[in-house]
Amino acid sequence: MVTEVDLASEAAIISVISDAFPSHRIVAEEGGGGAKESDYIWWIDPLDGTTNYIHGYPCYSVSIALEYRGKIIVGVVYDPTRDELFCACRGAGAELNGMPITVSTAASLEECLLATGFPYDRSRRRFALTVAARLLEKIHGLRRAGSAALDLAYVAAGRLDGYWEFGLKPWDTAAGILLVEEAGGEVSDFQGNRFTIHNGEIAAANRTIRRRLLEVMNGEK
C-alpha cells in the first residue's frame, strides 16, 4: 500500500539529498531517485509502517541510510509520533536525540523481550509462525509492531533485546543495522553469516542473545 504521505515524504527527502549531493545515487522504496552510477547510495524508506499509518496505529518511521562502496556509513531512523531521532555514523557510535545508546545486556532468552514481523505473503507465514512458536517457549515476551526500522532502532537502544524477520528489502534494514552495530550489537542472517541489506533475513541482538536466538530458530533445544 502507498499513501500520499509516502510519496510526499519520499519527494521531500530526495529533494534535500539531491541538492546537497547531486552526484550520489538514491534508491527509494516508492521508486524515486533515478539510477545514476556512484560509489555513494542513499537508501530511503519514506514511511516504514504504512499499514500502521493507514489504520491510525502510532508506530511508523522514516529510515535513511548512506552506503559507500558496499558499507553503510550513516543511518537515521525518525519516529514522528514520539519525536525520536536515532542516528549512527560508522565508528562513532549510536545516539537517540543526541544521547548515546547501547544494546541490551541480557544474557539469557528467558529474560528477553524480542520482536519480529510476519510477511504479507500468506504462503510464507507458516514458517514465520513456526519460528515464533519455538521462541515463545523460551522468552519473556514477543512484540510485532510493524516497522522493521523502528524494531532495529529499539534493539540499538536496549528497549528490545533482539529482533528477527525475513522477506525484507534494503531500505527496511539499511539504517537499522548500523544503529545496532554502533550500539554494540551484532547482525546476521539466520545461519549466522554476515548480514547484507540484500539478504532479506535478519537477526539482531547482543552477541550472546543473537547466537542463542539462531540456535532456537534453527530447531535446537
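The values are calculated or read from the model by the stated rules, or taken from the named source; none is laboratory data. Bear in mind the structure is a predicted one, so any value in this text is a computation, not a measurement. For neighbour counting, all protein chains shown are included, and Cβ atoms are generated from backbone atoms with ideal geometry for every residue, glycine included.
Just give me the residues in the range 173-190 being in contact with a Leu (Cβ under 8 Å, 6 or more places away or on another chain) and assigned to a helix (DSSP H, G or I), in sequence order.
Step one: list which residues in the range 173-190 are in contact with a Leu (Cβ under 8 Å, 6 or more places away or on another chain), which gives 173, 175-177, 179-180, 188, 190.
Thr173, Ala175, Gly176, Ile177, Leu179, Val180, listed by residue number.
Matching residues to (1) closer than 15 Å to Cys59 by Cβ; (2) surrounded by fewer than 19 Cβ atoms within 10 Å (Cβ to Cβ); (3) at pLDDT 95 or above:
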site	(1), (2), (3)
Val77	yes, no, yes
Cys87	no, no, yes
Ala115	yes, no, yes
Ala128	no, no, no
Ala133	no, yes, no
Ala174	no, no, yes
Quiz item: Which residues, taken from the range 151-172, are among the small types (Gly, Ala, Ser) and either in a strand (DSSP E or B) or under 20 Å from Ile73 (Cα atoms) (or both)?
Solution: Ala153, Ala156, Ala157, Gly162
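Is it the case that Glu186 is of a type in the set (D, E, K, R), over 29 Å from Pro58 (Cβ atoms) and in contact with a helix residue (DSSP H, G or I) (Cβ under 6 Å, 6 or more places away or on another chain)? Give the steps one after another, and end with the answer.
Working: of a type in the set (D, E, K, R): yes; over 29 Å from Pro58 (Cβ atoms): yes; in contact with a helix residue (DSSP H, G or I) (Cβ under 6 Å, 6 or more places away or on another chain): yes.
So Glu186 passes the test.
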Quiz item: Hey, does the range 191-207 have a residue that's part of a strand (DSSP E or B), free of Cβ contacts under 8 Å to residues at least 24 places away in the same chain, touching a Ser or Thr at 6+ places or on another chain (Cβ under 9 Å) and crowded, with 21+ Cβ neighbours inside 10 Å?
Solution: no
Quiz item: Just a yes or no: is a residue in the range 152-169 crowded, with 16+ Cβ neighbours inside 10 Å, basic (Lys, Arg) and at pLDDT 95 or above?
Solution: yes
Quiz item: Among all residue pairs at least 6 apart or on different chains, which show Cβ distances below 7 Å where the first residue, located in the range 17-28, is under 20 Å from Trp171 (Cα atoms) and the second is acidic (Asp, Glu)?
Solution: Arg25/Glu37; Ala28/Glu10
Quiz item: From the list Ala145, Ala106, which one is touching a residue at least 24 places away in the same chain (Cβ under 8 Å), more than 30 Å from Ser38 (Cα to Cα), over 17 Å from the mean Cα position of the chain (by Cα) and surrounded by 13 or more Cβ atoms within 10 Å (Cβ to Cβ)?
Solution: Ala106
Quiz item: Taking Tyr68 and the conditions (1) in contact with a Phe, Trp or Tyr (Cβ under 9 Å, 6 or more places away or on another chain); (2) at pLDDT below 95; (3) aromatic (Phe, Trp, Tyr), which numbered condition does it fall short on, given that it satisfies the others?
Solution: (2)
Practice problem: Could you check how many residues of the range 168-200 are under 13 Å from the mean Cα position of the chain (by Cα) and among the basic types (Lys, Arg)? | Solution: 1
Quiz item: Restricted to the range 111-142, and to residues that are under 23 Å from Thr51 (Cα atoms) and either part of a loop (DSSP other than H, G, I, E, B) or polar (S, T, N, Q) (or both), which residue is farthest from the chain's Cα centre (by Cα)?
Solution: Ser123
Quiz item: If you scan the range 1-43, which residues turn out to be crowded, with 17+ Cβ neighbours inside 10 Å, touching a Phe, Trp or Tyr at 6+ places or on another chain (Cβ under 6 Å) and not in a loop (DSSP other than H, G, I, E, B)?
Solution: Ile17, Ile26, Val27, Trp43
